[in-house]
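Throughout, read-outs are computed from the coordinates displayed, never taken from laboratory work. This one's a predicted model, so the numbers in the text were calculated from it and none came from an experiment. Heads up, the Cβs are rebuilt from the backbone with ideal geometry, glycines too, and the neighbour counts pull from every protein chain shown.
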Amino acid sequence: MYGDDIASVLISEDQIAEKIDEIADLVAKRYPAGAPEGDLLLVGVLKGAIFFMTDLAKRLQIPTQMEFMAVSSYGSSTSSSGVVRIMKDLDKDIAGRNVLIVEDIIDSGLTLSWLLRNLKSRNPASLEVVTLLRKPDALRTQVDVMHVGFDIPNEFVVGYGLDYAERYRDLPYIGTLDPKVYGGK
Ligand code: XMP
Ligand code: MG
């Protein structure tokens, strides 16, 4: 549907579904239903994590509640500076709750490490992260993540929520973008 903009399919729809089943099992084990902290609170980071968040919530066999945050990193569009601005904050107080941040991708890790510090200061009972993707070669700071779906090469990827200039989020798989799309060769 996007012509030949997508150079290759890195992770297929089936591979994503299988991985989410695995992650859902691990998460459900970590947060047994009926905990005194109440239902697990999934915090999705907009917009990239939307599909991962909803697919994960549907496969989890425990009750969850959902909140969303939107953050934007100052600096150039291709590299993160670690200075983050909240575009949309949580609607609810998270004090005393079990909070699981649901991320699309960890690149430098700077955005997430800022987010972890920010949410920690709100005194949740627990705070953990699951991310669908991580680029190990791009990491610039250590972040503790409960579970990583896929470690991928240090290439720009789109699809399954991830965009380039707001396009390609609707693809059901994760693919690499042909450099011609962003003006490369
Ligand atoms: P950092 O570098 O702080 O940034 O870990 C993570 C955020 O940067 C975006 N990002 C990408 N978005 N394809 C995308 O569509 C990519 O390959 C990519 N790498 C990083 C994303 O918003 C992520 O939350
Ligand atoms: Mg993101």
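In table form, for the structure just shown:
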item	result
Distance between region 145-160 and region 1-52 - C-alpha centres, whole angstrom	11
Of the chymotrypsin sites (Phe, Trp or Tyr not before Pro) in region 1-75, those whose Cβ has at most 13 other Cβ within 10 Å and which sit in DSSP loop	74
DSSP-defined beta bridges in the chain - what % are antiparallel, rounded to 5	35
Point-charge dipole on Cβ atoms (K/R +1, D/E -1) for region 13-154, about Cα centre, debye to 20	520
Whole-number Å³ per residue for the convex hull built on Cα positions in the chain	111
As computed over region 43-140, the Cα convex hull volume per residue (Å³)	99
